[in-house]
Each structure stands twice: as C-alpha cells, then as structure tokens.
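Undergrad: The structure under discussion is supplied below as structure tokens; questions concerning it will follow.
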Amino acid sequence: MNIKAITEKFNSLFGNELCVYTSPGRVNLIGEHTDYNGGFVFPGAIDKGIYAAINPNGSNKIRVYSIDYQSLSEFGMNEEDAPKEAWARYIFGVVREMRKRGFDPRGFDAVFAGDVPLGAGMSSSAALESTFAFALNDIYNLGIDKFELARIGQSTEHNYCGVKCGIMDQFASLFGKKGHLMRLNCATMEFEYFPFDPKGYKVVLLDTVVKHELASSAYNKRRESCENACSHIKAKHQEINYLSDASSKMLEEIKNEISEEDYMRAKYVIGEKQRVLDVCDALEKGDYATVGDRMYGTHYGMSKEYEVSCNELDFLNDIAKECGVTGSRVMGGGFGGCTINLVKEELYDNFIATAKEKFNKRFGHEPKVYDVVISDGARRLAISH
C-alpha cells in the first residue's frame with residue numbers, strides 16, 4: 001500500500017498534522033459455519049488491509065476522503081447525520097456504537113485506502129471498522145479494550161450496514177499476530193495463539209470471481225437446520241447449549257426425529273469442530289500433512305453435507321488434489337469466493353498455471369490469485385508529521 005499517496009492527499013485536503021493507522025483483512029484456515037454454532041474458528045490476519053491518515057479537527061464534524069472511491073464524505077455524529085455513501089456508513093457506525101457505549105470520540109479528518117481485495121472473503125469491511133475503532137480509541141485515549149472494539153465493529157455491521165455477522169472478522173483484524181493463527185471459541189470468546197510459519201509452504205487464495213445469489217437465503221436456512229438439530233439434542237441432554245457442544249453419538253440418537261437435511265447440516269458442524277482441534281494439535285507438531293488432510297475434509301463437508309459449495313469451488317478443489325496441493329478448501333460462507341490452499345513451494349508454479357488454464361477453459365475466465373502472509377493486527381504506524 002502506498003502510504004505516501006494517503007499522507008499527501010491528507011496534506012492537500014486537511015493540513016500536515018496526522019497519524020497513520022492500519023488494520024488487516026483475514027483468512028480462516030479452518031472452522032467454517034461454526035461461529036454461530038458456538039464452535040471454534042481459526043483465523044489469521046493477513047498482509048493486506050486498510051490504511052488511514054487521521055487527525056482531530058476540533059469540531060463535531062467528520063470529514064473522510066476515500067482514495068479508492070475518490071469521494072469525500074462529511075457528516076455529524078448524531079443518528080440523523082448518517083452519510084449517504086455506503087462506505088462512509090462503516091465509519092459513522094463505529095462512532096455511533098462508541099457513543100452508545102458512553103465513550104466520546106470527537107470530530108476528525110481522515111483519508112484512507114485499502115489493498116484488501118473486495119468481495120474475495122477477506123473481510124475488507126471489518127478491516128475498515130477496526131482501523132477507525134483502533135485509531136479513535138488511541139487518539140482520544142478512550143481506554144476501550146480490543147474485545148469491545150471488535151464488538152463495536154460487529155454492531156456497526158448489524159445496525160448500520162445490514163449484515164448479521166459473527167465476531168470472527170473484527171476479532172482477527174484487531175488481535176492478529178505475525179506468524180500466528182488464533183483459535184477462538186465463539187461461545188466463550190476465549191482464544192489462544194498458535195504458531196503458523198510453514199517453512200517450505202505458501203498460503204494462496206484462488207478467487208473464483210463468482211458469487212451465486214443463493215448465499216443469504218441459504219445461510220438462514222442452514223442456521224435454522226442447526227438450531228433445530230440442537231433443540232432436539234438439548235431435549236435429551238440439557239447441558240448442550242450450542243450444536244458444537246454435541247457429540248456425534250448425541251446426533252445419532254435424534255437422527256430419526258429430524259429431516260435428512262437437518263441431520264447432514266448438523267453432522268458437518270460437529271465434524272468441523274473436531275477438524276479444528278486436529279489442526280491445532282498438528283500445527284504444534286509441525287505436521288502439515290494432517291493440516292492439509294483436515295482442510296480437504298472441510299471442503300468435502302461443506303460441499304456434500306452443508307451444501308454451500310458450487311461447481312467453480314469444487315473444480316478448484318479437484319485441481320488442487322490433482323496437483324498434489326497439501327490442503328485446499330472453500331473459505332468463507334460459500335456459493336463462490338475463494339479456496340484457501342496450503343501448497344509446497346516446489347509445486348506452487350505448476351498449481352497456479354494449471355488452475356488458471358483449466359478454470360479458464362471450463363468457466364471462461366481465470367481465477368484471481370492472492371498470496372497471503374500471516375501478519376500483525378490493528379496498529380499505529382510510525383509515520384507521522
């Protein structure tokens with residue numbers, strides 16, 4: 001990211017006093033559709049993010065320029081001041097959610113830009129929220145802890161952007177640590193870092209550049225299936241609060257009480273919890289073969305049990321297998337977006353070339369390729385005037 005372009009634009013619009021902040025996008029190695037089932041997710045922050053130059057302006061007005069949209073938005077801090085630009089609502093929402101919690105950020109000027117690919121499932125919106133939440137907390141010494149900053153970002157999505165997301169994206173953006181993934185228990189919010197520096201391997205995303213319309217309605221249906229299976233299990237096992245708490249044995253007990261569809265959805269979720277735990281154990285031993293095996297297991301489960309894959313994603317997963325890729329799976333909600341791949345360096349060039357050629361022949365366009373490095377979370381950069 002060209003920080004110089006951001007600071008120069010800020011200087012031309014607002015003056016020379018500024019600080020620069022950044023928050024990253026994220027990948028999730030394993031643990032998909034588990035967050036709303038009280039299970040584990042296993043994300044890491046990446047080396048692509050949102051960057052913002054920012055400075056208090058001594059008023060109750062907010063003036064923000066987006067380099068990517070080449071657009072200036074100016075708005076106040078009260079509910080009726082909501083900006084009309086969709087991108088600005090993320091920043092407005094962060095300010096509103098802070099004020100609802102009794103904190104008092106004041107007016108500021110900012111210029112921002114990002115290099116998180118949009119629509120690729122790397123959470124550019126969470127990176128934007130986290131950048132401004134972290135910056136305002138720092139500039140105004142508000143004393144908000146990172147967990148609450150993550151909840152502020154999540155509430156912004158819920159209340160100002162119309163997305164009922166879980167907490168993972170904002171959490172990963174704020175808590176990211178270079179060379180580490182984070183295992184987060186979505187029921188308790190407990191987490192721990194796991195070293196992830198796979199020598200001799202690359203992590204690469206292949207973006208199908210498609211998004212099938214099914215996504216939101218299908219997502220809601222799958223939540224209902226999981227909640228139904230969980231309620232049947234809870235009737236027999238009162239200690240179970242989330243589907244991820246249940247065992248395969250408990251699911252088998254109620255198999256005849258629920259639909260085949262609900263059974264398959266629940267089977268995936270319970271299996272995915274174990275796959276995350278297996279990956280954690282394998283990483284501690286440097287056993288990347290097991291990590292990769294569980295990634296393929298997740299893809300199979302998302303494709304055949306949870307049924308949130310699509311032809312393009314399954315095709316890329318098959319190519320990964322053919323090319324000897326250690327691990328590959330759909331990343332994110334499904335119905336399009338990316339596969340995440342753990343590839344031995346000596347196989348990388350052939351894998352990318354083969355995937356591009358075969359995918360283009362089948363679907364009429366090449367997948368986009370994003371190499372990712374696991375990096376630090378939200379922070380202030382040592383660039384100020």
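The values are calculated or read from the model by the stated rules, or taken from the named source; none is laboratory data. Source: prediction; values computed, not measured. Quick reminder, even Gly has a Cβ in these numbers, built from the backbone with ideal geometry, and neighbours come from all protein chains shown. Ligands, DNA and RNA are stripped out before the accessible areas are found, and what is left, the full protein with its side chains, is counted by its heavy atoms. Shrake-Rupley method; radii C 1.70, N 1.55, O 1.52, S 1.80 Å.
Undergrad: Does PHE315 count as assigned to a helix (DSSP H, G or I) and open to solvent by less than 10 Å² (accessible area, probe 1.4 Å)? Can you show your working first?
TA: Details: assigned to a helix (DSSP H, G or I): yes; open to solvent by less than 10 Å² (accessible area, probe 1.4 Å): no.
It is false that PHE315 is assigned to a helix (DSSP H, G or I) and open to solvent by less than 10 Å² (accessible area, probe 1.4 Å).
Undergrad: Let me ask something else. How many residues are touching a residue at least 60 places away in the same chain (Cβ under 8 Å) and not in a helix (DSSP H, G or I) if we restrict to the range 287-306?
TA: Summing the residues that are touching a residue at least 60 places away in the same chain (Cβ under 8 Å) and not in a helix (DSSP H, G or I) in the range 287-306 gives 1.
Undergrad: Still on this structure, I have one more. Which one of these does ILE30 not meet: (1) closer than 16 Å to SER130 by Cβ; (2) of a type in the set (A, V, I, L, M, F, W, C); (3) open to solvent by less than 60 Å² (accessible area, probe 1.4 Å); (4) not in a helix (DSSP H, G or I)?
TA: Going through (1) closer than 16 Å to SER130 by Cβ; (2) of a type in the set (A, V, I, L, M, F, W, C); (3) open to solvent by less than 60 Å² (accessible area, probe 1.4 Å); (4) not in a helix (DSSP H, G or I) one by one, ILE30 breaks only (1).
Undergrad: Another one. Starting from residues that are of a type outside the set (A, V, I, L, M) and in a helix (DSSP H, G or I), keep the ones in the range 238-255 and report whichever is surrounded by the fewest Cβ atoms within 10 Å (Cβ to Cβ). Can you show your working first?
TA: Going residue by residue through the range 238-255, those that are of a type outside the set (A, V, I, L, M) are 238-239, 241-242, 244-245, 247-249, 252-253, 255.
Those left that are additionally in a helix (DSSP H, G or I): 244-245, 248-249, 252-253, 255.
Numbers: SER244: 25, ASP245: 19, SER248: 11, LYS249: 8, GLU252: 11, GLU253: 14, LYS255: 14.
Among those that are of a type outside the set (A, V, I, L, M) and in a helix (DSSP H, G or I), it is LYS249.
Undergrad: Also: Out of all the residues in the range 256-269, which are farther than 19 Å from GLY31 by Cβ, open to solvent by less than 50 Å² (accessible area, probe 1.4 Å) and not in a loop (DSSP other than H, G, I, E, B)? Talk me through it step by step, then tell me what you get.
TA: So in the range 256-269, the residues farther than 19 Å from GLY31 by Cβ come out as 256-263.
Restricting the remaining residues to those that are open to solvent by less than 50 Å² (accessible area, probe 1.4 Å) gives 258, 262-263.
Across the range 256-269, the qualifying residues are ASP262, TYR263.
Undergrad: Residues being in contact (Cβ under 8 Å) with a residue 12 or more places away in the chain and over 16 Å from ASP47 (Cβ atoms): count how many of those fall in the range 183-200. Can you show your working first?
TA: Taking the range 183-200 as the starting set, the residues that turn out to be in contact (Cβ under 8 Å) with a residue 12 or more places away in the chain are 183-187, 189, 191, 193-198, 200.
Restricting the remaining residues to those that are over 16 Å from ASP47 (Cβ atoms) gives 183-187, 189, 191, 193-195, 200.
Residues that pass the stated criteria total 11.
Undergrad: Do you know which residues across the range 199-219 are on the phi < 0 side of the Ramachandran plot and modelled with pLDDT of 90 or more? First the steps, then the outcome.
TA: The initial filter retains those residues of the range 199-219 that are on the phi < 0 side of the Ramachandran plot, namely 199, 201-208, 210-219.
Scanning the range 199-219 gives LYS199, TYR201, LYS202, VAL203, VAL204, LEU205, LEU206, ASP207, THR208.
Undergrad: So, one more: Answer with yes or no whether ILE139 is in contact (Cβ under 8 Å) with a residue 12 or more places away in the chain, open to solvent by 40 Å² or more (accessible area, probe 1.4 Å) and more than 30 Å from LEU316 (Cβ to Cβ). Give the steps one after another, and end with the answer.
TA: Numbers: in contact (Cβ under 8 Å) with a residue 12 or more places away in the chain: yes; open to solvent by 40 Å² or more (accessible area, probe 1.4 Å): yes; more than 30 Å from LEU316 (Cβ to Cβ): yes.
So ILE139 fits the description; yes.
Undergrad: May I ask you to list the residues in the range 142-160 that are within 16 Å of the chain's Cα centre (by Cα) and open to solvent by 30 Å² or more (accessible area, probe 1.4 Å)?
TA: PHE147, ARG151, GLN154, HIS158
Undergrad: Take the range 231-246 and flag every residue that is under 22 Å from GLY31 (Cα atoms) and either touching a helix residue (DSSP H, G or I) at 6+ places or on another chain (Cβ under 7 Å) or acidic (Asp, Glu) (or both).
TA: The answer is ILE233, ILE240, TYR242, LEU243, SER244, ASP245, ALA246.
Undergrad: Another one. Restricting attention to the range 270-293, and to residues there that are under 14 Å from PRO198 (Cβ atoms) and open to solvent by 60 Å² or more (accessible area, probe 1.4 Å), which single residue is modelled with the highest pLDDT?
TA: The initial filter retains those residues of the range 270-293 that are under 14 Å from PRO198 (Cβ atoms), namely 279, 282-292.
With open to solvent by 60 Å² or more (accessible area, probe 1.4 Å) added as a condition, the list becomes 284-285, 289.
Details: GLU284: 91, LYS285: 92, ALA289: 96.
Step by step, filter the range 270-293, then rank; the result is ALA289.
Undergrad: A further question on this structure: Let me spell it out: the conditions are (1) among the hydrophobic types (A, V, I, L, M, F, W, C); (2) modelled with pLDDT of 95 or more; (3) open to solvent by 70 Å² or more (accessible area, probe 1.4 Å); (4) touching a Phe, Trp or Tyr at 6+ places or on another chain (Cβ under 7 Å), and ALA235 meets all of them except one. Which number is the exception?
TA: It is condition (4) that ALA235 fails.
Undergrad: Residue check, ASN16 against (1) modelled with pLDDT of 95 or more; (2) over 20 Å from the mean Cα position of the chain (by Cα), all met but one. Which one?
TA: Of everything listed in (1) modelled with pLDDT of 95 or more; (2) over 20 Å from the mean Cα position of the chain (by Cα), ASN16 misses just condition (1).
Undergrad: Could you tell me whether any residue of the range 53-64 is under 22 Å from MET1 (Cα atoms), open to solvent by 30 Å² or more (accessible area, probe 1.4 Å) and within 20 Å of the chain's Cα centre (by Cα)?
TA: no
Undergrad: Next up: Would you check if there is a residue in the range 316-327 being at pLDDT 95 or above and within 27 Å of ALA187 (Cβ to Cβ)? Spell out how you get there, then give the answer.
TA: Just the residues of the range 316-327 that are at pLDDT 95 or above, to begin with: 316-327.
Adding the requirement that they be within 27 Å of ALA187 (Cβ to Cβ) leaves 327.
The answer is yes, given that some residue of the range 316-327 is at pLDDT 95 or above and within 27 Å of ALA187 (Cβ to Cβ).
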